[in-house]
1. Of everything in region 5-41 that's in a helix (DSSP H, G or I) and among the aromatic types (Phe, Trp, Tyr), which residue is modelled with the lowest pLDDT?
2. What do you reckon, is LEU47 surrounded by 10 or more Cβ atoms within 10 Å (Cβ to Cβ), out of contact with any Cys (no Cβ under 7 Å at 6 or more places or on another chain) and in a helix (DSSP H, G or I)?
Amino acid sequence: MKKCKICISIRYFLVCILLIIIISLTMKDKLHYLAFINPWNAVKMILFLGFCVLIYKIIESKKNN
């Protein structure tokens, strides 16, 4: 059966949320290691990954042409 990209993305998202819930319930005393995760760091990571994908797509399009 062919899987669509949206369904796979939703499944990955739900698995990540479930993993975060499990970690937060089982390791309450050790979560201070994750204090560096804040909205600004998430924004920086998303922009960095988006830029990397953009560069990769540009290189791939140059190779194909």
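1. Top of the filtered list is TYR33.
2. Yes: the conditions hold for LEU47.
The values are calculated or read from the model by the stated rules, or taken from the named source; none is laboratory data. Just so it is clear, the model here is predicted, and its values are computed rather than measured. Heads up, the Cβs are rebuilt from the backbone with ideal geometry, glycines too, and the neighbour counts pull from every protein chain shown.
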